[in-house]
Amino acid sequence: MIDLSERVALVTGASRGIGSAIARTLASQGATVVAAARGDNARAVAEDITAAGGRAEYATVDVAAPGSAQAAIEGVVARHGRIDILVNNAGIARDQLLLRMKREDWDAVLATNLSAAFALTQAALKPMIRQRSGRIVSISSVVGQAGNAGQANYAASKAGLIGFSKSVALEVASRNITLNVVAPGLVETDMTRALTGPARAELQGRIPLKRLRTPDDIAAAVCFLASKEASYITGQVLAVNGGMYM
């Protein structure tokens, strides 16, 4: 059984979906979780974790805002004395064919999905190096591996997370800090759950395992990579996509 007791984790984009599932799963394995999101959007997640007997708090973090990453990491260390796990999950999509894509939509997606991970990782490495331990997991996408029409900005940001993580993994491996990536496939959402008949069959037919992944599937992978059981794994991409891209 994975044991994350005495570990402190910061999860960005933790108010819903994958981020919420990651925060809850890490807490269920004993971690103290700081659920970060814009405004107080992660408050309910932190309160649910606490009500279930876990340890959690929420933090107001706009990952794309200047200085927010440094402040977020410093806040965690000031309150808990350390940071052991960073999950770069916050992300947005602004889809459009490249010929019609606005520069501000390119910049916004890269700022939130990639540049924020750079800033948060850079800030987290300082206390992790002092501790001589740390786990950093970034959430990419099957789109970052295979591409997708109309998502050049999103694909670039998610592919960038892979190259970024591999490079930094080489830089800090000697300090017992690992960086890995989880690349999800298609997700089970309210929209996809509403699909019936041929439309749903066609969608699931693209996936060898014949089902869409759930946020809990991604959370389980993150929890493993954050654990001592994954201490010899770094610079890797764990594809959680049902086999749709190999």
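The values are calculated or read from the model by the stated rules, or taken from the named source; none is laboratory data. For clarity, every value in this text was computed on a predicted model and none was experimentally measured. With ideal geometry, Cβ positions are generated from the backbone for all residues, glycine too; neighbour counts draw on all protein chains shown.
Regarding the range 99-114, can at least one residue be identified that is more than 14 Å from the chain's Cα centre (by Cα), touching a residue at least 60 places away in the same chain (Cβ under 8 Å) and closer than 23 Å to residue 144 by Cβ?
No, there is no match, as no residue in the range 99-114 is more than 14 Å from the chain's Cα centre (by Cα), touching a residue at least 60 places away in the same chain (Cβ under 8 Å) and closer than 23 Å to residue 144 by Cβ.
From the list 44, 71, 65, which one is without any contact (Cβ under 8 Å) to a residue 40 or more places away in the chain, in a loop (DSSP other than H, G, I, E, B) and more than 17 Å from the chain's Cα centre (by Cα)?
Result of the check over 44, 71, 65: 65.
Going by the structure shown, is residue 157 in contact with a helix residue (DSSP H, G or I) (Cβ under 6 Å, 6 or more places away or on another chain), polar (S, T, N, Q) and either closer than 17 Å to residue 235 by Cα or crowded, with 21+ Cβ neighbours inside 10 Å (or both)?
Considered against the rule, which asks whether it is in contact with a helix residue (DSSP H, G or I) (Cβ under 6 Å, 6 or more places away or on another chain), polar (S, T, N, Q) and either closer than 17 Å to residue 235 by Cα or crowded, with 21+ Cβ neighbours inside 10 Å (or both), residue 157 comes out as yes.
Can you pull out the residues in the range 1-40 that are surrounded by fewer than 18 Cβ atoms within 10 Å (Cβ to Cβ) and under 18 Å from residue 72 (Cα atoms)?
Once the filter is applied, which keeps residues that are surrounded by fewer than 18 Cβ atoms within 10 Å (Cβ to Cβ) and under 18 Å from residue 72 (Cα atoms), the range 1-40 yields 38, 39, 40.
Results for (1) small (Gly, Ala, Ser); (2) buried (at least 16 other Cβ atoms within 10 Å of the Cβ); (3) at pLDDT 85 or above, shown as yes or no for each residue.
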| site | (1), (2), (3) |
| --- | --- |
| 163 | yes, no, yes |
| 170 | no, no, yes |
| 173 | yes, no, yes |
| 178 | no, yes, yes |
| 182 | no, yes, yes |
| 186 | no, yes, no |
| 196 | no, no, no |
| 211 | no, no, yes |
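Yes/no matrix, rows are residues, columns are (1) among the aliphatic types (A, V, I, L, M); (2) closer than 19 Å to residue 26 by Cα; (3) surrounded by fewer than 23 Cβ atoms within 10 Å (Cβ to Cβ):
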site	(1), (2), (3)
43	no, yes, yes
49	yes, yes, no
54	no, yes, yes
57	no, yes, yes
63	yes, no, no
67	no, no, yes
79	no, yes, yes
86	yes, yes, no
95	no, no, yes
